[in-house]
Each structure stands twice: as structure tokens, then as C-alpha cells.
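Trainee: The structure's right below; bear with me while I get my questions together.
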Amino acid sequence: AGRAEGAFTLQSVAQPMRPIASTATKCGNCGPGYSTPLEAMKGPREEIVYLPCIYRNTGTEAPDYLATVDVDPKSPQYCQVIEPEDIHAKCELAFLHTSHCLASGEVMISSLGDVKGNGKGGFVLLDGETFEVKGTWERPGGAAPSGYDFWYQPRHNVMISTEWAAPNVLRDGFNPADVEAGLYGSHLYVWDWQHHEIVQTLSLKDGLIPLEIRFLHNPDAAQGFVGCALSSTIQRFYKNEGGTWSVEKVIQVPPKKVKGWLLPEMPGLITDILLSLDDRFLYFSNWLHGDLRQYDISDPQRPRL
């Protein structure tokens, strides 16, 4: 939640193109535009952005379309602003991160901490129509020690959340001493989807700073992957026959020996991860090493680069 910068409304109706200021530096004779990204930053702020919406394997009954997104805070159609004070008062949460739209029509947003910057992995619920802050998804006093991302599979009555670090730790930048002090996350939290409570905590022995988590897209699947940033590992989590959950390391990116850096070895530092819609491939950003990787996960226990 924040002020006007973060909100938007979505329309699927055509709107006229707005002319770019005549003072803009044009790129050759190709029409409106800017010669460099830096020149574009000096131009007027966009009031409308265009979003291609493409359906897969559909006919004319569900055609592709171009949506216009209103990003002008002065527009009467601009989405309402949810003030931080509302989140603080009703949820005692702050430093929000991941948002998902629930089948109930509500919007659910994860948090990294409380108002004072201490770790607190709770979840804010918004009314999907009015965007009123309804309160927390978890039961009172039932937040995880720390938070970041989350994903869920209702058919298995489960949600799993990840953890980064307390905002007070992150504010000062990365410090290797904080790693030694155990101030960075190394757990997954398994939640009962119906009862909104933690039922299991999974320790990641080779997984430090678990960030982005993805269940397989198949709604019946009882497994998925999480990217662990600092340890540069991909962990597979899965449901056991008895109904509990386990986790195993399936990918390890070796560090590179370096000089003149913060540490003697530079990890890949896995940031975002994605799964293809057919659940055949896993992609992740190996950020510090500067590459994007694709793995075949036809056998989820043995991904192939």
C-alpha cells in the first residue's frame, strides 16, 4: 500500500493517443519518441500505458485485446489510494510485498514486518470491490516470524510462505555479519488454507533467503519450487503420503571466486523464478552472475539445465 504512485485502474476500451510534448528529442525520422532512456526520463510522466492481453488457444469468442491502463493520479478513474495508516491501524503490518487475488474476491498481500520494522510475516486482506482494509488473513497472533512471498493450492488445503529478513535488517544494506547472526530467513511456513494457521515449519539446510515460491500450475499438483537467493539453490517442496510436507535441494549454482568484492566468493544470487504454463520448464534469474537459466523439470526431482 502506498500513495498515488502504486495504484491504477484497468480499462479495455479504446482511448485516443495523447501527443508527446513537442520539445521531445525524436529518434531520427521515425515519429514520436526519445533518443535515449535518459531523455525519456526528462519527458512528461505517462498518463496512459498500453497492455497487450493475449489468450492462449482460444477462438473469436475470447479474442486477444489491447487494454489501456490509467496511471494518471489526477484522473477521476484512477483507483483509490490505500493509505499506510489504514494498514497499520487494522493489521499492525507494514512493508508489504506480494499480492494475490483470492477466489473469494478478496485481495491478499503479504508483509515483511510490523510498523516498527520488526519481522512479521502476516497477510493483509482487502475487499476486492471497495478495496477497504478488512484486517489480517491469519488468526490474531498467528503471523510467521518473517515474511516475503506466498502461494497456495486450495485443493490440498495448503499455503506456503517464504521469508527474507526483518525490515530493520534490510534498511542498512547487506552485512555478512547479519548472515552469521542468523538474521536472514531459512524456513518455509506451511499454512492450513481453511483455518489460516501455520501447521508446519520447513528448515532449509542448504537454502538461505528463500524468496520467490511457485507451485506447479496444475491445480492438483502437490509440489513446487522456491528460489533461495544467497545460497543460490532451488528447493523442491512436496507433499508426503501422510499429508505433511518436505523439501529437498534440486539445483545448486556454484559460487565464483572473486577479488575486491564483499565476499571472497560471489553467489549467483537467484532472484525471481518462473514456471512455464505447461509445467515443463523452470526459469530463474542468476542475478550476480548475470545470466538467465532454463531447466527442464519434466522430472521435478532432477531438473536439467
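Trainee: For region 278-289, which residues satisfy the criterion of being modelled with pLDDT of 95 or more and more than 18 Å from P210 (Cβ to Cβ)? First the steps, then the outcome.
Mentor: Of the residues in region 278-289, the ones modelled with pLDDT of 95 or more are 279-289.
Scanning region 278-289 gives D279, R280, F281, H289.
Trainee: Right, next: Please enumerate the residues belonging to region 250-305 that are among the polar types (S, T, N, Q) and more than 23 Å from K205 (Cβ to Cβ). Spell out the reasoning first.
Mentor: Initially, region 250-305 is screened for residues among the polar types (S, T, N, Q), giving 252, 271, 276, 285-286, 294, 298, 301.
Within region 250-305, S276, S285, Q294, S298 meet the criteria.
Trainee: With R155, R139 as the choices, which residue is surrounded by fewer than 23 Cβ atoms within 10 Å (Cβ to Cβ), in the same structural domain as K239 (by TED's automatic domain parsing), among the basic types (K, R) and modelled with pLDDT of 95 or more? Spell out how you get there, then give the answer.
Mentor: On the way: R139 fails: in the same structural domain as K239 (by TED's automatic domain parsing).
The match here is R155.
Trainee: Now for a different question. So how many residues does region 133-146 have that are under 24 Å from L202 (Cβ atoms) and not in a loop (DSSP other than H, G, I, E, B)?
Mentor: 2
Trainee: Please give the strands (runs of 3 or more DSSP E) falling wholly within region 32-132 in which 3 or more residues are surrounded by fewer than 16 Cβ atoms within 10 Å (Cβ to Cβ). Even if it seems obvious, please write down each step before you answer.
Mentor: On the way: elements: 48-53, 65-70, 94-101, 107-113, 123-126.
Passing ranges, in order: 48-53, 65-70, 94-101.
Trainee: Tally up the residues in region 281-293 that are more than 24 Å from F150 (Cβ to Cβ) and either surrounded by 14 or more Cβ atoms within 10 Å (Cβ to Cβ) or charged (D, E, K, R) (or both), please.
Mentor: So the answer is 3.
Trainee: Further, regarding this structure: Name every residue in region 209-235 that is over 18 Å from the mean Cα position of the chain (by Cα) and either β-branched (V, I, T) or closer than 30 Å to F174 by Cβ (or both), in order of residue number.
Mentor: Step one: filter region 209-235 for residues over 18 Å from the mean Cα position of the chain (by Cα), giving 218-223, 231.
Within region 209-235, just S231 meets the criteria.
Trainee: Restricting to region 17-74, name every residue that is closer than 30 Å to L277 by Cα, aliphatic (A, V, I, L, M) and modelled with pLDDT of 80 or more. I'd like the intermediate steps shown before the answer.
Mentor: Filtering region 17-74 for residues closer than 30 Å to L277 by Cα gives 48-71.
Filter once more, so that each one left must be aliphatic (A, V, I, L, M): 48-49, 51, 54, 62, 66-67, 69, 71.
Within region 17-74, I48, V49, L51, I54, L66, A67, V69, V71 meet the criteria.
Trainee: With respect to V81, is the statement that it is in contact with a helix residue (DSSP H, G or I) (Cβ under 9 Å, 6 or more places away or on another chain) and farther than 30 Å from P210 by Cα true? Steps first, please.
Mentor: Values: in contact with a helix residue (DSSP H, G or I) (Cβ under 9 Å, 6 or more places away or on another chain): yes; farther than 30 Å from P210 by Cα: yes.
Judged against the criteria, V81 is a match.
Trainee: What about D172, is it outside any loop (DSSP other than H, G, I, E, B) and closer than 29 Å to P264 by Cβ?
Mentor: On the way: outside any loop (DSSP other than H, G, I, E, B): no; closer than 29 Å to P264 by Cβ: yes.
No: the conditions fail for D172.
Trainee: Determine which member of the set G121, G185 is in contact with a Leu (Cβ under 8 Å, 6 or more places away or on another chain), under 18 Å from I198 (Cβ atoms) and outside the structural domain of L262 (by TED's automatic domain parsing). Before you say what the answer is, go through the steps one by one.
Mentor: Working: G185 fails: outside the structural domain of L262 (by TED's automatic domain parsing).
G121 is the lone residue from the list that is in contact with a Leu (Cβ under 8 Å, 6 or more places away or on another chain), under 18 Å from I198 (Cβ atoms) and outside the structural domain of L262 (by TED's automatic domain parsing).
The values are calculated or read from the model by the stated rules, or taken from the named source; none is laboratory data. Because the structure is predicted, anything quoted here is derived from the model rather than measured. In this analysis, Cβ positions are derived from the backbone assuming ideal geometry, glycine residues included, and neighbour counts consider all displayed protein chains.
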